[in-house]
Amino acid sequence: MWAVLVYVDVSDDAAGRKMLEEQVVPMVKGSEGFVAGYWTSLPGGAGTSIAVFDTEEHARAAAPEAGMEMGPATIKNVEIGEVVASA
């Protein structure tokens, strides 16, 4: 399995959560090879997510680009890595 880690800055928490629930989660969930996903709210208007896919190819295809603006969220960094353990 492969994971896409996304780090964002969010300018409006309420608008960010609404967009997450209505657009982002359904889009990621519908991506080919999707296994699981988790989104977190961090202090200071930051957030992060981890979405797990069955293959590296599917993870790379689903990964957004750093610098992309999505409404109230700006994607600061994106990393893709192999899942080496889970619990």
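Here are a few things to note about the model shown:
- When residues in region 16-39 are screened for being at positive phi and among the polar types (S, T, N, Q), 0 of them pass.
- Some residue of region 43-66 being farther than 22 Å from S86 by Cα and hydroxyl-bearing (S, T, Y): no
- Any hit, region 44-56, residues being more than 11 Å from V4 (Cβ to Cβ) and of a type in the set (F, W, Y): no
- Among the candidates G33, G71, the residue that is at pLDDT 95 or above and either touching a strand residue (DSSP E or B) at 6+ places or on another chain (Cβ under 7 Å) or surrounded by 12 or more Cβ atoms within 10 Å (Cβ to Cβ) (or both) is uniquely G33.
- Residue count for region 40-58, restricted to those that are touching a residue at least 24 places away in the same chain (Cβ under 8 Å) and either in contact with a Ser or Thr (Cβ under 9 Å, 6 or more places away or on another chain) or in a strand (DSSP E or B) (or both): 11
- Restricting attention to region 9-39, the residues that are touching a residue at least 60 places away in the same chain (Cβ under 8 Å) and either in a strand (DSSP E or B) or among the hydrophobic types (A, V, I, L, M, F, W, C) (or both) add up to 2.
The values are calculated or read from the model by the stated rules, or taken from the named source; none is laboratory data. As the structure is a prediction and not an experimental result, all values here were calculated from the model. As a convention, Cβ positions derive from the backbone with ideal geometry for all residues, glycine included, and neighbour counts pool all protein chains shown.
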